[in-house]
Every structure is written in C-alpha cells, then in structure tokens.
1. Looking at Leu240, Leu236, Leu293, Leu244, which one is aliphatic (A, V, I, L, M), touching a Ser or Thr at 6+ places or on another chain (Cβ under 7 Å) and modelled with pLDDT of 95 or more?
2. Checking Asp465 against (1) at positive phi; (2) touching a residue at least 24 places away in the same chain (Cβ under 8 Å), only one condition comes out false. Which one?
3. I'm told Ala368 meets every condition in (1) touching a Lys or Arg at 6+ places or on another chain (Cβ under 8 Å); (2) open to solvent by 20 Å² or more (accessible area, probe 1.4 Å); (3) under 19 Å from Gly268 (Cβ atoms) except one. Can you identify the failing condition by its number?
4. Pick out the one residue from Thr246, Thr325, Thr253 that is of a type in the set (Ser, Thr, Tyr), over 30 Å from Val374 (Cα atoms), open to solvent by less than 30 Å² (accessible area, probe 1.4 Å) and not in a strand (DSSP E or B).
5. Restricting attention to the range 474-487, does a residue exist that is within 22 Å of the chain's Cα centre (by Cα), open to solvent by less than 20 Å² (accessible area, probe 1.4 Å), of a type outside the set (A, V, I, L, M, F, W, C) and within 14 Å of Pro412 (Cα to Cα)?
6. Being surrounded by fewer than 24 Cβ atoms within 10 Å (Cβ to Cβ) and touching a Ser or Thr at 6+ places or on another chain (Cβ under 9 Å) is the filter; apply it to the range 307-322 and report the residue that is farthest from Trp379 (Cα to Cα).
7. Can you find a residue that is surrounded by fewer than 19 Cβ atoms within 10 Å (Cβ to Cβ), more than 30 Å from Leu182 (Cα to Cα), out of contact with any Lys or Arg (no Cβ under 7 Å at 6 or more places or on another chain) and modelled with pLDDT of 95 or more anywhere in the range 263-274?
8. So for the range 295-308 (the condition being within 22 Å of Val202 (Cα to Cα), touching a residue at least 24 places away in the same chain (Cβ under 8 Å) and more than 22 Å from the chain's Cα centre (by Cα)), does at least one residue qualify?
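The values are calculated or read from the model by the stated rules, or taken from the named source; none is laboratory data. Here the structure is a predicted model, which means the values were calculated and not measured. Reconstructed Cβ throughout: ideal geometry from the backbone, glycine too, with neighbour counts over all protein chains shown. When the accessible area is computed, the model is the full protein with side chains, heavy atoms only, and any ligands, DNA or RNA have been set aside. Shrake-Rupley method; radii C 1.70, N 1.55, O 1.52, S 1.80 Å.
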Amino acid sequence: MTALLLTNARLVGDGPADGLVDVLVRDGVVAGVAAAGRPGDSGVERVDLGGRFVLPGLWDAHVHLTQWALVRRRLDLSGAGSAAEVVALVRDRLAQRPPEPGTALVGYGFRDGLWPDVPTAALLDEAVGEAPVVLVSGDLHCAWLSTAGLRFVGVGTHPTGVLREAEWLPLAAAVDRVPDHLADAWVADAAAAAAARGVVGVVDLEITDNLTAWRRRFGAGFDGLRVRAGVWTSWLDDVLAEGLRTGDVLPGTGGLLEQGPYKVVTDGSLNTRTAYCHDPYPGLTGPEAHGILSVPPAELVPLMRRAHAGGLRCAIHAIGDHANTLALDAFAASGARGSVEHAQLLDDADLARFAELGVVASVQPEHALDDRDVADRHWAGRTGRAFPYGALAGAGAVLALGSDAPVAPLDPWIAVAAAVSRTRDGRPAWHPEQRIGLATALAASTDGRGLRPTAGAPADLVVLDADPLTAGAETAAVALREMPVAGTLLSGRWTHRAF
C-alpha cells in the first residue's frame, strides 16, 4: 500500500501560533504526526491540506443501516402535525408515484403524540382505497396502516389500524423486505453519504441475521465503513456457537467487519407512551399506564449473563426511568459490560451508577429536540432529568453519540450540534443545563480516539474546512449541522474527497 503524507494540516483546537503539521499514513495506520516540512520520501503520495483541520474519523454508535437505506427512498412524514396532514401527503404521493404492483406505499417519521386528531385505518381508506399503505412512526415502535396495508403485512383485521410495540415489531420486516442485491446497493449508497459527513464506522443494530447480511456485503466488495454488527436474541445461539466475541474481526472483510454487541429492547418509546416509567402517563390508566416492560429482569439477567460469558458486550435499550433503573440493576446482577441505549429519562440516583458500573450511555441527542414537545406533555414535571447528557457527563459517565437512524439522520454533526446547543430552528434551548461541551461531544463521536490523530491508531481521519471547536453554544445549532467535510479516510484510503 502506498504511503500517504497529509501536509500542512491543522489540529482541531490549535490557533495560528501552533503551526501546521504533517500526518504520515502507512499501511492503513497513522505512522506519525510532526511539524510541517517533512522532506518528500520516494513512494509517498503527498496531499497538501492547505491548512485544513484533521480529526479522528467519526462514528455513529447506534444505527439500523438497512432501514436507514430504505427510509432514504420513502415518503417523509416527519413534518406532519396531524393525521389529516399525513393523509394529504399520502394522497399526493399516490397520485404522483403509485407503488409498484405487489408492493406498498411506505412512509416514515410520523409522530402522533401531539396530534389533535386520531390516526385510523378508516381515515386512510377514505383517501387511498385499496392501495396498501404502511406508515412507520419516527421511533419505529408503531405503524399506521390502511386496510389493504394490514392485509399486505398479514393482518386480517384490526380495530384501529395503528399497531404498537409487540403488535407491530414482528411485522416490520414485511415492509423492509427487498431483494438482497437491491438492499445492498442502497446500503452502499447510504454508506457513501455517511462518509461524506466524516463517518468511518457504525454500530449496526439492525433487527435481522445481521452478521450474515454483512458477510455477504463485504464478500461482494463493500468497503465504505467499519461495521460492528450487533446480534439479537433470535441469532444469539449462532454467534455463541461460532465462538465470536465482541470486537472479533471477521476474516475476508479487510479488517472492517467486527462482531458487535448483544442487543435487547426492554421497554417501548416516549411517542407511543410505552417507555417504562415510575410515574403513569397523563390520562392513561390500567396495566400499561406506566408504559411497557417488554423484557423483565427475570428474563433479562440470564440473557445478559449468557452473552457476557460468551464474550459479548450488551447493548440494552431503556428509555423510561424505571426501565433504566432495571437495566442498570441487570448490569450489576449479571456482571456484563456494555451500554444502555437511549437513557432518555433517568432518576437522579441512577446517574452515578453508569460510571460505577462501567456502563456506557449510548445516546442520540437529536431525539431530545425531536421529542421536546411530547416530553413536555407526557413527562411533565420530569423533563429536567430527560435526555440528561450534562448530568451524565458530570457524573463521570462515558458517552457515545449516535443517531438511531432512521429515527434521526445518520450524520454525527447533527448529534453533536444537538448535544451542545439543545436547540434548532431558532427555538430557545430546551433545558440548557443539560448541554455538554463541544470537546466532550466530539470525543463521544470518535470511538475513543480523542480529538487528534496519534501514531499507531488506524488511519481513519476526517478533513474539515473549519475548526469545529470554534463553534460556541449559541452558534453551534447551525454551524455544526452545516460543518463542511472536505475528506474522509478509512484505513488511509479516501472514501470521500471534495478538494
């Protein structure tokens, strides 16, 4: 492999007085970082960065990459403020571009927690007739279907046409199913778009036989990202039987595919009012008024013990405060290592437990801005401890930032902007006391690589036209979301270059 010398680079946080540096890359690894002016060596390709900034490559710690690739081609409903608005969007799409025979019109991103009207199959049917329509919520935990859409996913009848949690999740694959070659092409396209935003790696928690899918893709030549392929309970036996441990590199993938963590979803979500909380949701009564605990401790702890014994880290979905308490209890009882995914509402008493137990808080800051209004309604009086990134950082927790794409876009700059500003679209910051510093947010996006390239580290680098550390909390909401990315290197190879 030809060596690469990145000349006249700046390191983030450096001022003009700190001078320029050269970064030498050899055999996919950073071989050295030194003051600019290194003499040319034979066999070394020189690329003059012209004072651009170099940062370790960015990671998204929580994605569903196949779903994200599919969503990029679906009807976007995220801006709809009512069921009626959704119906109008669906009607327009059907008129302009009806689905191919044998397929459904699939939309994504609706959030009905604040709607003034109620979504029903009958409401869709009035507009779409016999067209199969399947609309997936922004948090992926429910779907709204027309009567023909219900038949499309194998449901004969349903009283409302809105399927939530256990009713919907097993059916989600029916609308995600496309031929492998097409899905793989769309994933490669999504990976290229991610690389253009500085992404070098993702933790992929797709609900499927994930390792088989990624072995197929890498075997066919995929080389756009590093991938840690998570495993769900349905495929846990296969991974354990193969003796794979989290972090093991799969052969034949150029070192880019690793076994990821074991994923368990223990509760629902805020928008569907199924996140498991100590307090009931306003206006709800009955056994599910506090949300839904889908995997109670009696099931969770043995599962985590088994995964831990097999060398797998655990990634435990917990959104409500009660679910988070139980997830941390399960880490303590099982001895497992890993992360709580989402950690959206926390008891103050649980903040320090993340650091005490060595549990990573794997969070998606853009969700705080997506959900601020619905949280103000359904978690009224508790939002001071919702999406509590500042409190977690202050308690010593290790943070890892992600998107949960397709719930939010796969773009780490959006996550960083949300974490440090707690606002977008000019609105006042929502609970600004829970902001985290820009250096902290960036470090939580580089997979533990810090903010500067170091000798011996993989040559996974992002080249920027501006220093992100110069964005203050008041300007970060815009400046970081629009951060210009000049180039991305993966193992010393350009996956994106715009200069």
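1. Leu293
2. (1)
3. Unmet for Ala368, out of (1) touching a Lys or Arg at 6+ places or on another chain (Cβ under 8 Å); (2) open to solvent by 20 Å² or more (accessible area, probe 1.4 Å); (3) under 19 Å from Gly268 (Cβ atoms): (2).
4. Thr253
5. no
6. Out of the qualifying residues, it is Gly311.
7. no
8. yes
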